[in-house]
Amino acid sequence: MNKSESKIIFDYIVVGTGPAGAVMAKTLTDDKNTSVLVLEAGENNDRDQPIRDSRFAPELEEKFFPQYFWQGEGVPQPEVDERTFEWTTGRLSGGGSSINGEQYVRPTPAVLKEWERLLGSLWSPEQVIQNFKQLENYDGKTNNPVIHGFHGRLNIRQTPTNPPHVTKKLVSAIKDATGFPKILDYNDPRTPLGPFNRWQLYQRSNGERESSSTAFLSSDIMTPDGLGVNDRKLRVFYKSTALRILFEGKKAIGIEFLKEGRMVQAFARKKVIISAGINSAQLLMLSGIGPSKDLKQTGIPIVFDNPNVGKYLTNHTLNTATFTMNQKDIPELQNDPFSLYTGGAFLPHPLSGRSDRSRAVQLIGIPAEGNLIIAILFLKPKSRGTIKMQNNDPLKIVFADEGFLENEYDLNSIKEIYRTYIKNIAEKLSNIDPTYQLVNPTLETMNDDEQLENFIKENFGHNHHQQSSLRMAPLNKGGVVDRFGSVHGVDNLIVADAQIIPFTVDGNTSAAAFLIGYTIAKQLMQEKWN
C-alpha cells in the first residue's frame, strides 16, 4: 500500500468478503509482491456464537438476527399472491457464507457442460473438479476419492457419522418412492441423483461453521483488525460500504466508499473486483454500467450501456411438506446436534424420463418443533427477475423483482413434485413407521389442482440462492462479463460472485461462488506471470 499524500493505493481492490471475495483476496496475496485492499460493509463476527455455532444456522434470518444482515425487501410478487420476500444477505465478514444453511453442493457436470459450451475449457467439468480439490479439505466418505481435496483451506464435514432413525426412515421412503438407490456422495459426478443420509456441510471437525472468512481471512492470513501477517500485503477495511466505482474514461481506477460515516476513495493499480453478491448489480448501475434508459432516468452518467445488467436474476423456488414424527426418534438427534438435517435427495424432474440424469429437485429433511419438514427446492426454474435502480442514491435499496412463478412451467413443475414425489414418499414413510403422517399439504389438497396451487403460493418461501443478474456470457448472448469475469465495455473491472453464474446451478450457490472467485484469481495470477 502507498499512502503518499494520504492517497490509498493498492494493486487490487476487492468489494466484499463472501465466498468469491475472500478467496480472491487470499489467493492474490499469496504472491507477496501483490497488494490487495478488501472492503467489507459489516464487521468481523466470526467469534459471535450465532455465527460460529452451526446449531443456529437454520434460525439465522434477518428478523431474528438483524445485526448480521443487509436490511431489505423485494417488490410484491404478482404470481405469489402479491407477497413480498426479504432481499438480503450477510452484512458481515464472510457475507452469505456466514449466515447460510451450510450445505456444500457443487454444480454437476450436466450444468458445467453448458458453462463450457458457452465459455470454454476454463469452466469444463474436469477443470472445475481440479479447482474444487484445491479448495477443499474433505472430511467424509466417498466411493470416488479422486474428486475430493483433502489439503485445502475450506473444511467440509460429511455429517452425521451415524445417521439417526428419522434419517434412515426418510431416506428409505424416498428410495422406495422414487426408485433411485441410496447414494453416499452427492458431489461425486457419478452419483448426482438419489437419496442420501449425510449432507456435506461447511463445518470444521468440531461442528463449528466454516465460512469464507474463517477459511480465507483467518488469523494465519491477517490480524483481527484486518492487517495481513507474514509480509502478506492484505488490508481489510470493515464498516466500509462501497458507493461507486471510479472511472477515468472507461477504465476503472478505484472505489468511493463510506467508512464509518466518512467518504473515502481508494485506487487500484491493476483491477477493481466486485464481489458484493446481490449488491453487485446495483454497484455497476450506480457507476454508469447498465441499461442507458434506466440510468438516464436516475441521473447517472453513462459509462457503458448494457441492457443485460440486472436482467436475468434467478432464484430456486422453496416450498415445504410437514409430517408428524415419532417422538421417540427426537432424542437421538442430539448425538450430533451440528448435523442440522435428516437426510435429503437430489432427483430429476418428475415428468422426465429415466434417461434424464440431470438434477431438478432438491429435498432436505429438517426436524422442527417435533415435526419432520421436507424442504422442496425446484432447481430448474424458467422464471427470471430483474434488479432496477430507484434513484442515484447508493444507500437506497433497489427494486428487486425476483419474478417468482412468472413462467407457468415453474408452478406446474412444483405441483408435479408434490403429486409424484411427496405423495409417494408420504405413503412409503407411513408404511415404514405409521407415526409419520403427512399433515400439510393433505392428500385432499394434492388431489385438487386449485387447492394445490393455492397451497404452493401460500406456502412459498424464499431462498438466498439469487444468481445470474450479471451473467458471464458474450454481450450478444445476455452477458455482462466475459469468461474471466471482466466487465464488457470497460477496462480493469471484474465481477466475481454468484451473480455471474451463466446457467442456473443445480444446488446451493455458495460452492459455485467459491469456484468463481478461485478460478478468476488463478487466472489473474497466471496473467501476471505470462
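The values are calculated or read from the model by the stated rules, or taken from the named source; none is laboratory data. Here the structure is a predicted model, which is why all the values come from computation and not from measurement. Here Cβ is always computed from backbone atoms with ideal geometry, including for glycine, and neighbour counts include all displayed protein chains. Calculation scope for accessible area: heavy atoms of the full protein, side chains included, ligands and nucleic acids excluded. Shrake-Rupley method; radii C 1.70, N 1.55, O 1.52, S 1.80 Å.
Take the residues in segment 169-181 that are of a type in the set (D, E, K, R) and within 19 Å of residue 375 (Cβ to Cβ), then tell me which one is most open to solvent (accessible area, probe 1.4 Å). Before the answer, list the steps.
Filtering segment 169-181 down to residues of a type in the set (D, E, K, R) leaves 169, 175-176.
With within 19 Å of residue 375 (Cβ to Cβ) added as a condition, the list becomes 169, 175.
Values: 169: 35, 175: 82 Å².
Among those residues, the one meeting the criterion is 175.
Are there any pairs with C-beta distances below 6 angstrom linking a residue in segment 223-244 that is on the phi > 0 side of the Ramachandran plot to a residue that is β-branched (Val, Ile, Thr) and buried (at least 18 other Cβ atoms within 10 Å of the Cβ), with the two at least 6 apart or on different chains, and if so which?
As it stands, the answer is 226/236, since those pairs meet every condition given.
Counting only residues that are open to solvent by 10 Å² or more (accessible area, probe 1.4 Å) and in contact with a Phe, Trp or Tyr (Cβ under 7 Å, 6 or more places away or on another chain), which one in segment 489-530 is farthest from residue 251 (Cα to Cα)?
Ranking the qualifying residues of segment 489-530, first place goes to 503.
Going by what's in this entry, would residue 288 be described as out of contact with any strand residue (DSSP E or B) (no Cβ under 8 Å at 6 or more places or on another chain) and either basic (Lys, Arg) or at pLDDT 95 or above (or both)?
no
Counting only residues that are of a type in the set (Gly, Ala, Ser), closer than 22 Å to residue 223 by Cβ and either out of contact with any strand residue (DSSP E or B) (no Cβ under 7 Å at 6 or more places or on another chain) or open to solvent by 20 Å² or more (accessible area, probe 1.4 Å) (or both), how many does segment 233-253 have?
Of the residues in that region, 0 qualify.
May I ask you to list the residues in segment 365-414 that are outside any loop (DSSP other than H, G, I, E, B), open to solvent by 10 Å² or more (accessible area, probe 1.4 Å) and within 28 Å of residue 340 (Cα to Cα)?
Residues satisfying the conditions are 366, 367, 368, 371, 373.
Taking only segment 447-489 into account, find how many residues are in a loop (DSSP other than H, G, I, E, B) and closer than 21 Å to residue 519 by Cβ.
16
Within segment 217-234, is even one residue charged (D, E, K, R), under 30 Å from residue 126 (Cα atoms) and either in a strand (DSSP E or B) or touching a Lys or Arg at 6+ places or on another chain (Cβ under 8 Å) (or both)?
No, that holds for no residue.
With the condition kept exactly as written, say whether any residue in segment 406-413 is more than 30 Å from residue 56 (Cα to Cα) and touching a strand residue (DSSP E or B) at 6+ places or on another chain (Cβ under 7 Å).
Checked segment 406-413: at least one residue is more than 30 Å from residue 56 (Cα to Cα) and touching a strand residue (DSSP E or B) at 6+ places or on another chain (Cβ under 7 Å).
Matching residues to (1) touching a residue at least 60 places away in the same chain (Cβ under 8 Å); (2) within 23 Å of residue 481 (Cβ to Cβ):
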{"site": "103", "(1), (2)": "yes, no"}
{"site": "126", "(1), (2)": "no, yes"}
{"site": "139", "(1), (2)": "yes, no"}
{"site": "145", "(1), (2)": "no, no"}
{"site": "153", "(1), (2)": "yes, no"}
{"site": "162", "(1), (2)": "yes, no"}
{"site": "186", "(1), (2)": "yes, no"}
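Could you list, in sequence order, all residues of segment 182-200 that are of a type outside the set (Val, Ile, Thr) and either under 17 Å from residue 46 (Cβ atoms) or assigned to a loop (DSSP other than H, G, I, E, B) (or both)?
Within segment 182-200, the first condition is being of a type outside the set (Val, Ile, Thr), and the residues that meet it are 182, 184-190, 192-200.
Within segment 182-200, 182, 184, 185, 186, 187, 188, 189, 190, 192, 193, 197, 198 meet the criteria.
Name the residues in segment 444-480 that are buried (at least 17 other Cβ atoms within 10 Å of the Cβ) and aliphatic (A, V, I, L, M), would you?
446, 452, 456, 470, 472, 473, 480
Note down all Cβ pairs under 6 Å where the first residue falls in segment 199-220 and is on the phi > 0 side of the Ramachandran plot, the second is open to solvent by 10 Å² or more (accessible area, probe 1.4 Å), and they're at least six residues apart or on different chains.
Here the result reads 207/338, each pair linking segment 199-220 to a residue that is open to solvent by 10 Å² or more (accessible area, probe 1.4 Å).
Would segment 85-100 turn up any residue that is open to solvent by 20 Å² or more (accessible area, probe 1.4 Å), over 18 Å from the mean Cα position of the chain (by Cα) and either more than 28 Å from residue 394 (Cα to Cα) or among the polar types (S, T, N, Q) (or both)?
No: segment 85-100 contains no residue that is open to solvent by 20 Å² or more (accessible area, probe 1.4 Å), over 18 Å from the mean Cα position of the chain (by Cα) and either more than 28 Å from residue 394 (Cα to Cα) or among the polar types (S, T, N, Q) (or both).
Go through segment 315-347 residue by residue and tally those that are buried (at least 21 other Cβ atoms within 10 Å of the Cβ) and over 19 Å from residue 101 (Cα atoms).
Total meeting the criteria: 3.
Yes or no: segment 512-524 includes at least one residue that is in a strand (DSSP E or B), among the β-branched types (Val, Ile, Thr) and over 16 Å from the mean Cα position of the chain (by Cα). Before the answer, list the steps.
Taking segment 512-524 first, the residues in a strand (DSSP E or B) are none.
No, segment 512-524 has no match at all.
If we keep just the residues of segment 134-155 that are within 22 Å of residue 98 (Cα to Cα) and charged (D, E, K, R), which is least open to solvent (accessible area, probe 1.4 Å)?
Of everything passing the filter in segment 134-155, 136 is least open to solvent (accessible area, probe 1.4 Å).
Within segment 502-530, track down each residue that is free of Cβ contacts under 8 Å to residues at least 60 places away in the same chain and hydrophobic (A, V, I, L, M, F, W, C).
Within segment 502-530, just 529 meets the criteria.
Would you confirm whether or not segment 54-67 contains a residue that is buried (at least 21 other Cβ atoms within 10 Å of the Cβ), in contact with a helix residue (DSSP H, G or I) (Cβ under 6 Å, 6 or more places away or on another chain), outside any strand (DSSP E or B) and in contact (Cβ under 8 Å) with a residue 24 or more places away in the chain?
no
Going through segment 72-84 one residue at a time, which ones are part of a loop (DSSP other than H, G, I, E, B) and surrounded by 20 or more Cβ atoms within 10 Å (Cβ to Cβ)?
Within segment 72-84, just 74 meets the criteria.
Inside segment 254-281, can you point out the residues that are crowded, with 21+ Cβ neighbours inside 10 Å and in a loop (DSSP other than H, G, I, E, B)?
Correct list: 275, 276.
Would you check which residues across segment 287-303 are under 28 Å from the mean Cα position of the chain (by Cα) and either of a type in the set (Gly, Ala, Ser) or open to solvent by 30 Å² or more (accessible area, probe 1.4 Å) (or both) and list them?
287, 288, 290, 294
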